[in-house]
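S.K.: Sharing a structure here in structure tokens format.
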Amino acid sequence: MYRYILEDTRHVLPFNEPASKLTVGTSTLTFHQDEVFAQVFKGGLKLGDTYQQVGQLHNIRDDEPAFVYRDNLWFDNEFLTTFIDRAKASGQACRAAIFADERERAFASYTLPLAASFERGHTEAQTGRPIALVDMWYFPKGYTSDVLPIAIDSEAEPRGFYSVPDFMAQDKVEELTHYLPKYGLLSIESWVHIFYASVIFGVFTRGYRFEEDIKHHNFLSLKLLWRGIIEQRQILTTSAAVKVGKDTVIDPSAIISGPTTIGDRCYIGPGAVIDNCTIGDDVTVSQGCQLMLSAVANNCFLPFRASLFMTSLMSGTIIAQNTCLQMCVIGRDSFVGAGNTFTDFNLIGESDGRGGVVPRTIKASNIHGELEDVGQVVLGGAVGHNCRIGSGLIIFPGRMIESDVTLFASAQRRVITRDVRYEESDHHTVKVAEKLVQRQYPRQGESDERTDQHTWERW
């Protein structure tokens, strides 16, 4: 089988890079896709051509089956396996689709908001339910415009990760509930989608599936119990639930609960607390740090008492002491200084129309930079690549700091109430600093003279 790639060159804000180059979880989106392909297509996939437009699919070969997908799609093994199996069984050319009504909670809550790539307005013939078409196809023998939609239900289960007072919840019954899918798919068009893929569809869903496996598979339960007896530990802290790579050093006083994966050559310091996280290679988590439901990519450094809650860090990032990140995404090679707080909840609610007050849902930017309601009452912020964030700042929910920005806390700007663009970077106001900062991630269609090597050498 050949695979053909539809290249999405649009830049995702605030990183100013296409989705395929961005880190989701602990690896780039392209690498994640390759890992899924290796598990689903056991016989391997031959690499076909890369196209820019759907209209170019007429050029695909007709001597072998073809799998076509857009390279900004994040999907798990379960979604891709289900689509391919059902497509092959049909004997027809097929296109993946997702249900788009309120009965489909995970896709409606996370996949469709902020996403413009899906073709909406379609209906599944069998059930009459609305569906959205995905840029993913299976052609058994060459291209044809006559394709059968294969609609997949996420079969999501609601899970509340903690109990909160009623005033923070939209619904007193649901509280802060997330919907964890059995079959997951996202189109990465916003930093919010990276948060969903890394955290909600990533480590959170992995934890849920791990719990379900324990309930329904006696062998796994016995294995955990046996490891707990041998290692004299609570079962979720044993080596059966916590996977540790080579040459990683963990202080005996650190508390690590599974399911957690820690890569090679990491250091986990005294008193660190890690609960259901994925940590890449060469990561340092120093004393007193707390990480929960988070993904930390390679070469990150967390000094003492840094805190991550449901947050995704891309590679080479430093989160300094006493900084708290909640439901955030931080780009590559960025520095977030000491004592910064990324808030995630609007203190002022809105009327429920019945004389009461409910939490106000948060807005975030789509791929065009336009604000849209994401339907979530708690959500942090995003920092781009190559940023330098000074100490003591407070960032409001849903705000973005563009790549290559430097921010100093000052009397004029200590609380970040809106998005910060490159032109507003504080390094422009300091002559020495401006000469030392090289813009590495200009916006799509823009260029910057500071990226010219000769100009850089003259400085």
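The values are calculated or read from the model by the stated rules, or taken from the named source; none is laboratory data. Computed from a prediction, not measured in an experiment: that's the story for all the values here. Note: ideal-geometry Cβ built from the backbone for every residue, glycine included; neighbour counts use all protein chains shown.
S.K.: Answer with yes or no whether residue 358 is in contact with a helix residue (DSSP H, G or I) (Cβ under 8 Å, 6 or more places away or on another chain), more than 19 Å from residue 284 (Cβ to Cβ) and at pLDDT below 95.
M.R.: For residue 358, the condition - in contact with a helix residue (DSSP H, G or I) (Cβ under 8 Å, 6 or more places away or on another chain), more than 19 Å from residue 284 (Cβ to Cβ) and at pLDDT below 95 - is not met.
S.K.: Here's something else I'd like to know. Under the condition of being over 28 Å from the mean Cα position of the chain (by Cα) and assigned to a loop (DSSP other than H, G, I, E, B), which residue from the range 35-75 is surrounded by the fewest Cβ atoms within 10 Å (Cβ to Cβ)?
M.R.: Ranking the candidates gives 43 first.
S.K.: What about residue 92, is it among the polar types (S, T, N, Q), farther than 23 Å from residue 150 by Cα and not assigned by TED's automatic domain parsing to the domain that holds residue 444?
M.R.: no
S.K.: On to the next question. Among the candidates 247, 282, single out the residue that is outside any strand (DSSP E or B) and under 19 Å from residue 318 (Cβ atoms).
M.R.: It is 282.
S.K.: Report, ordered by the first and then the second residue, all pairs with beta carbons closer than 7 Å, sequence separation of six or more or different chains, a first member in the range 28-39 that is free of Cβ contacts under 8 Å to residues at least 60 places away in the same chain, and a second member that is of a type outside the set (S, T, N, Q) and assigned to a helix (DSSP H, G or I).
M.R.: From residues that are free of Cβ contacts under 8 Å to residues at least 60 places away in the same chain, the pairs are 28/21; 36/80.
For every residue, the table says whether it meets (1) within 19 Å of the chain's Cα centre (by Cα); (2) buried (at least 24 other Cβ atoms within 10 Å of the Cβ); (3) modelled with pLDDT of 95 or more.
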{"residue": "286", "(1), (2), (3)": "no, no, yes"}
{"residue": "290", "(1), (2), (3)": "no, no, yes"}
{"residue": "294", "(1), (2), (3)": "yes, yes, yes"}
{"residue": "297", "(1), (2), (3)": "yes, yes, yes"}
{"residue": "301", "(1), (2), (3)": "no, no, yes"}
{"residue": "312", "(1), (2), (3)": "yes, yes, yes"}
{"residue": "325", "(1), (2), (3)": "yes, yes, yes"}
{"residue": "329", "(1), (2), (3)": "yes, yes, yes"}
{"residue": "350", "(1), (2), (3)": "no, no, no"}
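S.K.: Might you check whether a residue that is over 14 Å from residue 342 (Cβ atoms) and β-branched (Val, Ile, Thr) occurs anywhere in the range 305-314?
M.R.: Looking through the range 305-314, none of the residues is over 14 Å from residue 342 (Cβ atoms) and β-branched (Val, Ile, Thr).
S.K.: Would you check if residue 264 is buried (at least 16 other Cβ atoms within 10 Å of the Cβ), at pLDDT 95 or above, of a type outside the set (Ser, Thr, Tyr) and in a loop (DSSP other than H, G, I, E, B)?
M.R.: In short, no.
S.K.: Sticking with this structure for a sec: Please work out which one of (1) at pLDDT 85 or above; (2) outside the structural domain of residue 314 (by TED's automatic domain parsing); (3) assigned to a helix (DSSP H, G or I) is the condition residue 186 fails and give its number.
M.R.: It is condition (3) that residue 186 fails.
S.K.: While we're on this one: When residues of the range 390-403 are filtered for being touching a residue at least 60 places away in the same chain (Cβ under 8 Å) and crowded, with 20+ Cβ neighbours inside 10 Å, how many remain?
M.R.: Final tally of qualifying residues: 4.
S.K.: Taking the stated definitions as given, is residue 362 loosely packed, with under 12 Cβ neighbours inside 10 Å and under 30 Å from residue 305 (Cα atoms)?
M.R.: No, not satisfied.
S.K.: Separate question: If I filter the range 375-393 for residues that are of a type in the set (S, T, N, Q), in the same structural domain as residue 440 (by TED's automatic domain parsing) and not in a loop (DSSP other than H, G, I, E, B), do I get at least one hit?
M.R.: No: zero hits.
S.K.: Taking the range 120-152 on its own, how many of its residues are modelled with pLDDT of 95 or more and among the acidic types (Asp, Glu)?
M.R.: Of the residues in that region, 1 qualify.
S.K.: Considering only residues that are surrounded by 19 or more Cβ atoms within 10 Å (Cβ to Cβ) and not in a loop (DSSP other than H, G, I, E, B), look in the range 106-122 and name the one that is farthest from the chain's Cα centre (by Cα).
M.R.: Among them, the one singled out is 108.
S.K.: Further, regarding this structure: Among the residues that make up the range 367-377, is at least one of them in contact with a strand residue (DSSP E or B) (Cβ under 6 Å, 6 or more places away or on another chain) and of a type in the set (A, V, I, L, M)?
M.R.: yes
S.K.: While we're looking at this one, here's another question. Do any helices (runs of 4 or more DSSP H) lying entirely in the range 191-233 carry at least 3 residues that are in contact with a Phe, Trp or Tyr (Cβ under 9 Å, 6 or more places away or on another chain) and in contact (Cβ under 8 Å) with a residue 12 or more places away in the chain, and which ones are they?
M.R.: 191-195
S.K.: Could you grab me the full set of residues in the range 327-340 that are without any contact (Cβ under 8 Å) to a residue 60 or more places away in the chain and either within 14 Å of residue 400 (Cα to Cα) or not in a strand (DSSP E or B) (or both)?
M.R.: Of everything in the range 327-340, those that are without any contact (Cβ under 8 Å) to a residue 60 or more places away in the chain and either within 14 Å of residue 400 (Cα to Cα) or not in a strand (DSSP E or B) (or both) turn out to be 330, 333, 334, 336, 337, 338, 339, 340.
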